[in-house]
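Read-outs: derived from the displayed coordinates by stated rules, not from any lab. Remember, predicted model here, so these are calculated numbers, not experimental data. So basically every Cβ, Gly included, is an ideal-geometry build from the backbone, and we count neighbours across all protein chains shown.
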Amino acid sequence: MAARGCPVILERLSFGYGRGRLLEDISLSVRRGEVLALVGPNGSGKSTLLRLMAGLLQPVAGRVLICGENAARLSRRAYARRVALLSQQGGAPGAIRVRDLVAMGRFPHQGWLRRASAADRAAVAQAMEDAEVAALAGRPVNTLSGGQAQRARMAMTLAQGGDVLLLDEPTTYLDLRHQFGLLGRARRAAAEGRAVVAVLHDFSLASLYADRLAVLHEGRLDGIGPAAQVLDAAALARVFGVSARLLRDGPAIFPVPRD
Amino acid sequence: MRRVLLILAPAACAALVWWALGQGLTEASAAERLDALWPGASADPVAARLEALRLPRIGAALLAGAMISASGLLLQVVARNGLADPGLLGVSQGGVLAILAGAALFDLPRAALVPAGLFGAMATAAAVLLAARRSLAGGGLILVGIAVNLLLGSVTELIMTSGGMAQYARLAVWSRGSLAGVSAADLALLAAWAAVLLPLALLSGRWLDPLLLGDDTARSLGIETRLLLPVLVLLAAALAAPVVAVCGPVSFLGLIAGHVARRLTGGRMTVVLPGAMLTGSCVLLAADTAGRSLMPPVAVPAGIATSVGGFLVFVFAARLSQRGPAA
């Protein structure tokens, strides 16, 4: 059963507005237990691809399978129980407290007359622990720093649970310790049996924390595989238009400009 | 702080009712007020007059305040803009225009004016919703609303200035929002709408917080925003329409009550929304009562008194929330 091992399968996916295509003919699958990093230059279609996986956009050709089911046929609620997204757009939750924000992650698991079950409360407490915001639980979100707010939103996404975790530039605003912490948590989510996809800009973080990298270039998949395979000087020149060499330290890869 | 408010706000409401019942040309003793509040017709003549004249006005103020405030808060969440208010949907102007046109041009009887206003308000809101359907959360709703308001406003002015001076003055008072003419039948109309819509609004509270996180996140949490947003706009219009039809546009209250409640209670919309309703009820009743009793014989229309009262309450709440942790 390929579907059971791969909660996310993209089959010849294309997307665009009008005649222009932002993404063209993308096929890939993400396995349980795996962290896949989406990398590529600005405007290469990383976030668009992530939003297609999240069911927020409808492909103009091809299809998305979530846990073996055609994504186009899933209700929003059914989707939300399977796929959690840490979006880039902040929104303005205002004076809401961190614990209330995190509790919103349980929304798709609750009925009309909201009743937080013991399982909901446990998931919320665990997620706050994991995203290191337990100490901020009583703070209004609008009093947090950018990094603290990002961790609070990560906690909400973790509390949502499901088979697939999608992270759009999750390390934005985070200091080094919390970048390591958040991506380490993403790795553990994969180890627990989820499929994790993260848009990342930092190659060293991508090479350290992702099992595979999908390199996007002008809306097409330029390559997909372990960092050591897809990242080389030729790929950086072709995709990013930079002349760089790569320093390696264990699994980590650091691009440095030549000259 | 939140628990204190939970007791304080209904108590303030009750005290206001007591005060409002006693204010006016007829002096009313405590016994007479109690008699008027007691269910069933009062035998005492003073109590009977309170019951016939002041109670409908008080009840209408409480209901209209709650409805217009809930309407404003819903729209602020949908448009993700703290400056949205029920007037934005064209509900106010649509209702005003329908009633003015009905009275001045078609000579409709008074009993037919309220349904006419209701129809005008809902029809305008539906038109605005239809025109702005593609960008409810963006600036679309606000832009279309402003344009429609300007258009309807100029037509309204045209009708008002085409009549005689006496007619203009009478219409001007009503078109600023007034509870002066509220009858028991008007109260019954408000109550019928409120009985359906206020519980619906409270029930919608649990969808409002995720909406504030942005469209992507709300949808990722399982909310079909393309269905929910139009439903909330319709609900907001339906909440405001009967208020406009009965009292005229109660300016400012729909804009301000949500902000006051947010300052006082903070936190989740499931708390802010009932808070805004209570705030609206209290402010409108206080403003109407103060307007008709503080400077006799001048009766300040509730719409104008509300603007003043709402402003004062907002400043007070803003000061309070700077000190308290509730913000």
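What does the C-alpha gyration tensor say about the overall shape of chain B? Classify as rounded when a/c is under 1.5, otherwise prolate if a/b is larger than b/c, or oblate. Don't skip to the end; give the middle numbers.
Values: a/c = 1.87, a/b = 1.18, b/c = 1.59.
It comes out oblate by the Cα gyration axes.
What FRET efficiency do you get for B:Asp44 and B:Arg133 if R0 is 60 Å and r is their Cβ-Cβ distance, rounded to the nearest 0.05? Before the final figure, lay out the partial values.
Details: r = 55 Å, r/R0 = 0.92.
The calculated FRET efficiency here is 0.60.
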Report task. Could you tell me which GluC sites (Glu not before Pro) in region B:7-110 are loop residues by DSSP with no more than 15 other beta carbons within 10 angstrom of their beta carbon? Result -> B:Glu27
Requested in this report: Averaging sequence separations of C-alpha pairs under 8 Å and six or more residues apart, then dividing by the length of region A:1-143, give the relative contact order as a whole percent.
Outcome: 21 percent
Query raised in the report: So, in Å, what gap is there between the alpha-carbon centers of region B:294-308 and region A:205-259?
Result: 71 Å
**Report entry** Order of A:Phe254, B:Phe106, A:Phe15 under a 10 Å beta carbon neighbour criterion, fewest first
**Finding:** B:Phe106, A:Phe254, A:Phe15
Report task. Take the alpha-carbon centre of region B:179-199, take the same for region A:123-198, and report the distance between them in whole Å. Result -> 48 Å
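Once you order the gyration tensor axes a ≥ b ≥ c over the Cα atoms, which shape class does region A:8-257 get: rounded for a/c under 1.5, otherwise prolate or oblate by comparing a/b with b/c?
Verdict is oblate for region A:8-257.
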Query raised in the report: Within chain A, which is the longest segment containing none of the trypsin sites (Lys or Arg not before Pro) that sit in a DSSP loop and have at most 11 other Cβ atoms within 10 Å?
Result: A:116-257
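Quick check on the exposure proxy: order B:Trp18, B:Trp193 from fewest to most C-beta atoms within 10 angstrom. Don't jump to the answer; show the numbers that get you there.
On the way: B:Trp18 14, B:Trp193 20.
Placing the least packed residue first, the sequence is B:Trp18, B:Trp193.
Applying 1/(1 + (r/R0)^6) with R0 = 60 Å to the Cβ-Cβ distance of A:Leu176 and B:Ile7, what FRET efficiency is obtained, to the nearest 0.05?
Values: r = 48 Å, r/R0 = 0.81.
According to the calculation, E is roughly 0.80.
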Report summary line: Fewest to most Cβ atoms within 10 Å: B:Trp19, B:Trp207 sort as B:Trp19, B:Trp207
Requested in this report: Starting from the Cα gyration tensor of region B:26-140, take the square roots of the eigenvalues, sort them a ≥ b ≥ c, and report rounded, prolate or oblate (rounded when a/c is under 1.5, otherwise prolate if a/b is larger than b/c, else oblate).
Outcome: oblate
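Let me know the Kirkwood hydrodynamic radius for the protein assembly as shown, please, with Cα pairs as the basis and the value in Å to one decimal. All intermediate terms of the calculation are to be shown ahead of the outcome.
Working: mean 1/r = 0.0376 Å⁻¹.
Evaluated over the protein assembly as shown, this radius sits at 26.6 Å.
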Query raised in the report: If you put +1 on each Lys and Arg Cβ and -1 on each Asp and Glu Cβ, how big is the dipole of chain B around its Cα centre, in Debye rounded to 20?
Result: 760 debye
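At R0 = 25 Å, how high is the FRET efficiency between A:Ala122 and A:Asp163 if r is their beta carbon distance? Nearest 0.05 is fine. Can you show the working numbers first?
Values: r = 19 Å, r/R0 = 0.76.
FRET efficiency, A:Ala122 to A:Asp163: 0.85.
So which helices of chain B fit the span-like rule, where a helix is a whole DSSP H run, its Cα atoms reach 27 Å or more along the axis, and its mean Kyte-Doolittle is at least 0.0? Can you show the working numbers first?
Values: long enough: B:2-22 (30 Å, 1.54); B:55-79 (36 Å, 1.62); B:110-131 (32 Å, 1.68); B:140-162 (33 Å, 1.80); B:184-212 (40 Å, 1.47); B:225-247 (33 Å, 2.28); B:269-293 (35 Å, 1.07); B:302-323 (31 Å, 1.10).
Result, helices passing both filters: B:2-22, B:55-79, B:110-131, B:140-162, B:184-212, B:225-247, B:269-293, B:302-323.
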Requested in this report: Report, in whole Å, the centroid distance computed from the Cα atoms of region B:27-59 and region A:66-107.
Outcome: 53 Å
Query - Estimated distance in nm for a label pair at B:Thr26 and A:Glu218, the labels positioned 7 Å out from Cα along Cα-to-Cβ - result: 8.5 nm
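At a threshold of 8 angstrom on Cα-Cα distance, excluding pairs fewer than six apart, so keeping six or more, what relative contact order does region A:8-257 reach in percent? Let's see the in-between values first.
Values: 494 pairs, mean separation 63.7, N = 250.
Answer for region A:8-257 is 25 percent.
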Report task. Give a quick list of chymotrypsin sites (Phe, Trp or Tyr not before Pro) in region A:91-181 that DSSP marks as loop, anything other than H, G, I, E or B, with at most 14 other Cβ atoms within 10 Å. Result -> A:Trp112
